[in-house]
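So the structure is just underneath, and the comments pick up after that.
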Amino acid sequence: GFGGGGRQVWRYAMHQPVLKAGVAWYGRLVGEATPFTPRHPAELTDQLKAPVLGLYGGADPGIPVSSIDLMKARLAEASSAGNRFAGQCEFVIYPDTPHAFHADYRASYRKDAAQDGWRRCLAWFKQQGVV
């Protein structure tokens, strides 16, 4: 999932035991509670039911690296408490890379990061037995 879809990947991985793995491209991890987003992924790490690879831009003003660091810490806590999937999650942060870096139709497109992310995405799914 990309952008808002990346957030949904995290959420889906926390609620669907049939999911083998997910890849979240710059999905928001924290935020204000609203009727449509009452809880965010960083609040639900103990419920993770599949490993997720997170691909993020280090220069994304909407998803600061500090929120990724918080997610990593919460995943480590969930892993220590016995959630095996939390310990299997991985992150790649592309320095100086904005939000939507995979969108080749936007000014935010970063070819090197997009190609590397896609390679990692396919490898992740293969490693997790999805393809």
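The values are calculated or read from the model by the stated rules, or taken from the named source; none is laboratory data. All figures in this text were calculated on a predicted structure; none of them were measured in a lab. FYI the Cβ positions are ideal-geometry reconstructions off the backbone, even for glycines, and counts take in every protein chain you see. Side chains are part of the model used for accessible areas, which takes the heavy atoms of the whole protein and leaves out ligands, DNA and RNA. Shrake-Rupley method; radii C 1.70, N 1.55, O 1.52, S 1.80 Å.
Here the range 1-116 is assigned +1 on the Cβ of each Lys and Arg and -1 on the Cβ of each Asp and Glu. Its dipole about the Cα centre then comes out at about 340 debye. Based on protein heavy atoms only, the range 14-129 ends up with 54 Å² per residue of surface accessible to a 1.4 Å probe.
Taken over the chain, lysine pairs spaced eight or more positions apart, or on distinct chains, with alpha carbons under 19 Å apart number 4. If you take all other residues with their beta carbon under 10 Å from the beta carbon of residue 24, and give Lys and Arg +1 and Asp and Glu -1, the sum is +3. Normalising the average separation of contacting C-alpha pairs (under 8 angstrom, six or more residues apart) by the number of residues puts the relative contact order of the chain at 24 percent.
Give the value in nm², to one decimal: projected area of the alpha carbon convex hull of the chain, averaged over all directions.
Computed as one quarter of the Cα hull surface, the answer is 7.8 nm².
Shown are 70, 75, whose ranking by accessible area with a 1.4 Å probe and every protein chain present, most to least, is 70, 75. For the range 29-131, chymotrypsin sites (Phe, Trp or Tyr not before Pro) are listed when DSSP marks them as loop and at most 13 other Cβ atoms sit within 10 Å of their Cβ; the list is 36, 105. In the chain, the DSSP-assigned H stretches of four residues or longer account for a calculated mean residue ellipticity at 222 nm of -10500 deg cm²/dmol, using -39500 (n - 2.57) per stretch and the full residue count as denominator.
Per-residue accessible area (protein heavy atoms, 1.4 Å probe) orders 96, 69 as 96, 69, starting from the largest.
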